[in-house]
Every structure is written in C-alpha cells, then in structure tokens.
1. Consider the range 185-211. How many of its residues are buried (at least 18 other Cβ atoms within 10 Å of the Cβ), free of Cβ contacts under 8 Å to residues at least 40 places away in the same chain and over 18 Å from residue 386 (Cβ atoms)?
2. Mind listing whichever residues of the range 259-270 are outside any loop (DSSP other than H, G, I, E, B) and in contact with a helix residue (DSSP H, G or I) (Cβ under 7 Å, 6 or more places away or on another chain)?
3. Residue check, residue 195 against (1) under 30 Å from residue 406 (Cα atoms); (2) part of a helix (DSSP H, G or I), all met but one. Which one?
4. Let me confirm something: among 110, 170, which residue is touching a residue at least 24 places away in the same chain (Cβ under 8 Å), in a strand (DSSP E or B) and touching a strand residue (DSSP E or B) at 6+ places or on another chain (Cβ under 9 Å)?
5. Could you figure out which of (1) farther than 20 Å from residue 50 by Cα; (2) at pLDDT below 95; (3) in contact with a helix residue (DSSP H, G or I) (Cβ under 7 Å, 6 or more places away or on another chain) isn't true of residue 447?
6. Which residues, counting only those in the range 393-422, are surrounded by fewer than 24 Cβ atoms within 10 Å (Cβ to Cβ) and closer than 23 Å to residue 55 by Cβ?
7. On the basis of being buried (at least 17 other Cβ atoms within 10 Å of the Cβ) and assigned by TED's automatic domain parsing to the domain that holds residue 277, does residue 365 make the cut?
8. Residue by residue through the range 173-185, note down the ones that are in a strand (DSSP E or B) and out of contact with any helix residue (DSSP H, G or I) (no Cβ under 6 Å at 6 or more places or on another chain).
C-alpha cells in the first residue's frame, strides 16, 4: 500500500450528478480535485444516467418549464412527501438553490429540452435533460476533465479514517492497487445501498433476492456503513427503500426507467394464485409506480401479472418487452403459469362487477378506469419489484458537512445526493427530487470543501 502525503485538496467519492457537481464546483473554486468512481467508464454516472428530469422552483415561465412553481408550493410538497421528517432548513435551501441550478448546469455543458416543443409531457415542476441523464452525465464528465479534475474509474473508497472530528485518511482501491490518501477535504456523493443485497436481506429476508436493481450495481453502501459505524448521525429508516413495479423480465441490474410497468390502470393485476389484491384505479399519478412496487414486494414470491384485453392494450404505452398473448383467458393463464380456472373466475367476477367506470361488490373494488376485459387476444405482463434507492443515509448541516450523533460535525467531510437526501425526503419521494438534491448539494458541498481546503 502506498501513502501519498501530497494528496488532492478535495477528494470526491462517487460518479453521479452529486459527485460531478461537487468536483466541478470545487475545481472552479481553485481546489485540486480527484474523483473516485467505482464503476468502469461504460457504467459511470450512478443512477443519474437513467434519470430524465429534475424538480425546479421558478416564479415565472422559463424556456424549459412552463407556468410557475413557487417556493411555498414546492416546500409543501416536500413536507408531504417526507411526512414531516425533512429538515426545514435543508428543504428551504434545496428549493431556493434549485432556481439557479439549471443555468449553472447549462454553464457546465448540460443541455435541457425546451418546453412546448411537442416532445415532452407537460410539467411545470420539472425540466428535462436533452438526451436524458446519460447525456447530462457525459457533459459533466467532459467539463470536469477539461477543468483538470483527476478522474479515476474502477476506483472505490473502502473506508475513511475519522479522528478528532476530521477525516485523516481515505483508503482507495484502484486498478493499480490500494492507496491511502490524505486529502484536505472529502465529499461523499456515492449514493445509497440499494445494490447491497446482504443489507436488504437483513430487513426484507429472501424477498430481497428477487428485487431487480433498476440503476447502478455499484451503490454498495460501503461508505455509508463506514460513516455510521464511526458515529455519523442518520436520517430516514434502515430497511426502507423506493420500490417500483417493473417488468419481471428486466435485467437484474441497470434496467433503468424503461422497465416500469405503465399500464396498470387499464387492466387488472393478479397474484400467483390468480387473484386481485389492490385497486388498480386508486393511484394513477406518478406515485403509482412506487405504490405497486411495494404491493408486489409484499406478495408471495414477489410476483404479479398485469392482465389486459386487446382494447386495453391499445390504451397502454408500448412496453419494453412484448406481453404474453393468447386467444382466451385460460390459455393466457397457462402461458403465465397461473391456474386457468382461478384467472377465468377472477376475470369473470371483475367483468360482471363493472359499473360506470368502477366496480361494485369486489374486494378490493377498482375505483376508477374500470372497463370489462372481454376482447381477445388477452395479454399478460409479469411484474416484479424494482429497487431504485434506499431511504437511509447521513445527516448534514447547512454547509453539507456530515453531522455526528453527538451534535458535532466532521470538519472536512461533506455529503451530497442520495447518501444524505433522507435529511430532506425522509422515506418519501417526489419526481425529479433525487437529481436536484444531488446537483444542488453537490455544488454546495464542492464549494464548501474547496473553501475548507483553502483555509
């Protein structure tokens, strides 16, 4: 192992939007910066590479966001999502700084898609990356490299030595072997622990083995666990996570946003016994993906099936994988490995209960968008739970410094992104919140780390 006393001013651990914004902000503030990304170049960028938008406060229309989305409305939605567990100061900081983050990101090379071009869904709360998250990640890496940030791939921090209220050394594993660095300041922007199955099993048991990891397989939580073991204060709840209903045929890791099952309100969802278990019309906004992700995770085998007829399938956006199809419900059940008699009975009872867009007399009833499913061919989409991120992290203060359980802070350690987002979101979520938390607090953490290193 080699020790390098002449370390960078700022070491940034991670490779998504939080880490990249921290590295760029620190470098622009005059610090020498090294970025350690655990992933190889082809998979760099964390979950950001699968993102598409970020939630922005704006008091007037912008080229990228129509109408307005004021600070108080934004804060109220954050409070509801966090169920009152978010830090009020950090929440307000996020909202206020979000107004300036789009032009700042644009100055770093990120391109945004213009609102009203006919290619985007209407959204006054969010603005969209042109080309998606991967294009944004590529732009930020290009800017970081051009500014002189030393970028290391396949380079993971395995531990931070904290003593007397500051980080003394950081152990890295790199392609050339282990290193011990002594940076003046450290920013951790390496996400949560959704790819650490042993940790998930501790709370979810064997069900965790059937969770599909929607994003990066490199969010192993090693630094999070290390910091908690050294006394970092925590936010959120251990074991809590953001689950989404995805096609069960998706890749085990890195499937991304396209694997979401989007047609649930158009049909019915049954478990492995062929029975319905939740109201398909109850949640039809963006939150429905998370509602169904958790519901499917609670079912035996963590499996379910979306059942459609030909008319319903026409109302559903094209899925990532083609559905199973058959001329009859019984034949469809056989293809899906379900009990034909049970599925035929469930479908018959549902069709008989449809009244004016809802059902009557079922348990559970379908409260909206209920239509009889009678037109062949019938279709089935297998559903499994996909995990996006975990809802347990470290607390930070207004300078993005990591806070200790005893009320103090680690003077030269800063955190940004999903490793600290629970300080704002608790165990909840809002669309576009993860990316904006990473960008805003990455920028803050980088600036504060550079300031500390210069002092």
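1. Final tally of qualifying residues: 0.
2. Step one: filter the range 259-270 for residues outside any loop (DSSP other than H, G, I, E, B), giving 259-260, 264-266, 268-270.
If the condition is that a residue be outside any loop (DSSP other than H, G, I, E, B) and in contact with a helix residue (DSSP H, G or I) (Cβ under 7 Å, 6 or more places away or on another chain), then 260, 264, 266, 268, 270 are the ones that fit.
3. Against the list (1) under 30 Å from residue 406 (Cα atoms); (2) part of a helix (DSSP H, G or I), residue 195 comes up short only on (2).
4. Result: 170 is the single residue among 110, 170 that is touching a residue at least 24 places away in the same chain (Cβ under 8 Å), in a strand (DSSP E or B) and touching a strand residue (DSSP E or B) at 6+ places or on another chain (Cβ under 9 Å).
5. (2)
6. Within the range 393-422, 395, 397, 398, 399 qualify.
7. On the way: buried (at least 17 other Cβ atoms within 10 Å of the Cβ): yes; assigned by TED's automatic domain parsing to the domain that holds residue 277: yes.
Spelling it out, residue 365 is indeed buried (at least 17 other Cβ atoms within 10 Å of the Cβ) and assigned by TED's automatic domain parsing to the domain that holds residue 277.
8. Residues of the range 173-185 in a strand (DSSP E or B): 173-174, 177-181, 185.
173, 174, 177, 178, 179, 180, 181, listed by residue number.
The values are calculated or read from the model by the stated rules, or taken from the named source; none is laboratory data. On a predicted model such as this, the values are computed, not experimentally measured, just so you know. Positions of Cβ are generated from backbone atoms using ideal geometry, with glycine treated the same way; all protein chains shown enter the neighbour counts.
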